[in-house]
1. Does ILE210 meet the test of being of a type in the set (A, V, I, L, M), assigned to a strand (DSSP E or B), touching a strand residue (DSSP E or B) at 6+ places or on another chain (Cβ under 7 Å) and under 21 Å from PRO46 (Cα atoms)?
2. Against the condition more than 17 Å from the chain's Cα centre (by Cα), of a type outside the set (A, V, I, L, M) and modelled with pLDDT of 95 or more, how does PHE167 come out, does it pass?
3. Can you name the number of the only condition in (1) of a type outside the set (Ser, Thr, Tyr); (2) surrounded by fewer than 21 Cβ atoms within 10 Å (Cβ to Cβ); (3) in contact (Cβ under 8 Å) with a residue 12 or more places away in the chain; (4) in contact with a Lys or Arg (Cβ under 8 Å, 6 or more places away or on another chain) that ASN14 fails?
4. So which residues in segment 183-203 are in contact (Cβ under 8 Å) with a residue 24 or more places away in the chain and either within 23 Å of VAL161 (Cα to Cα) or in a loop (DSSP other than H, G, I, E, B) (or both), if there are any at all?
5. Just checking, does segment 170-178 include any residue being in a helix (DSSP H, G or I) and touching a residue at least 24 places away in the same chain (Cβ under 8 Å)?
Amino acid sequence: MTQIVPLNKDTHRNLKVDGRAAAAFDNRRFVQVIVKEFPLLLVHYPILFSKDPQTGQFFCGAMLGFDENENVFLEDWRQREFYRPLYLQRGPFYANGPDVAVDMDDPRVGAEGGKALFTEQGTPSRYLQSIIWAFQDLQAGTEMTRLFIARMLELKLIEPVDVEVEFDDGSMRRCIGLYTIDQDMLSRLDDSIVLELFRRGYMRLIHYMIASLKQVPVMARKKNSRLLKGTEGLASAVG
C-alpha cells in the first residue's frame, strides 16, 4: 500500500523521516543510476547496462552484489564511507511536478531516529533540501542518460557480459542480463564519430564504464571475506 501526498510545510511541519541506508530498502544486486553519477560510482561499483524486464528498455546501473537482494556495500553506506546512488538516497520521496511528495505508508516515515523535513520557521531542513537536490539531478540526469544509451545503441556499442566469479568456499556466482561497452566496436569507430562522442562528453562516460569493470574483483573479495567468516563461524560452532 502507498499513500503518496505532496509535502506541505504546515501539514508536515513535525514529520520526520529515517532515510539512512537499511537492508530492507537497500539490499539489491543492481540499482539504476544516471550518467552524472558515473565519476562518483566508478571508484567502488561496476557500472553496467541492463534491461527493464517490463519494457525491455536499456538503463544504466551500478552493481552492488552477486546474489539477489544482496548489497555488499551496505555497511559502508551506514558509515557513510561510500557514495550511495540517488535512486536510493531519495528514500520514500517522489517527484510531484516541480515539488516533492512522500509516501506516508512507508515505514521510514515517522520512524524513530528520523530527521525533520522542516525547520521551526517552516523552511526545508538540510535533509529535505538534499532530497530536493537529488530530484533536480535525477530529472535532468534521466534524460541525459536516455540520450547516451540511445547513441550507444545506434553505434552498436552495447554488448552482453556475463559476470562470473568463484569464491574460496567453492561456490560460484554468475550474473546474467548485464551489458557493457563493446571495446572492439569502439576501436573501429570512424574518427569523426570519436570526435562527436568526445565533444558530447560520451567518450568520458564510455571510459568510466570500462574502467569500472575493475571493481568486479574488488567486490568479489568483499563477498569472499564474508563467506569465509561465515565458514569460520560454522566451524567454531561444530568444534
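The values are calculated or read from the model by the stated rules, or taken from the named source; none is laboratory data. Quick caveat: nothing in here was measured; it's all calculated off a predicted structure. Positions of Cβ are backbone-derived with ideal geometry, glycine not excepted, and every protein chain shown enters the neighbour counts.
1. No: the conditions fail for ILE210.
2. It is false that PHE167 is more than 17 Å from the chain's Cα centre (by Cα), of a type outside the set (A, V, I, L, M) and modelled with pLDDT of 95 or more.
3. Condition (4) is where ASN14 drops out.
4. Within segment 183-203, GLN183, MET185, LEU186, LEU189, LEU197, ARG200, TYR202 qualify.
5. No, every residue in segment 170-178 fails to be in a helix (DSSP H, G or I) and touching a residue at least 24 places away in the same chain (Cβ under 8 Å).
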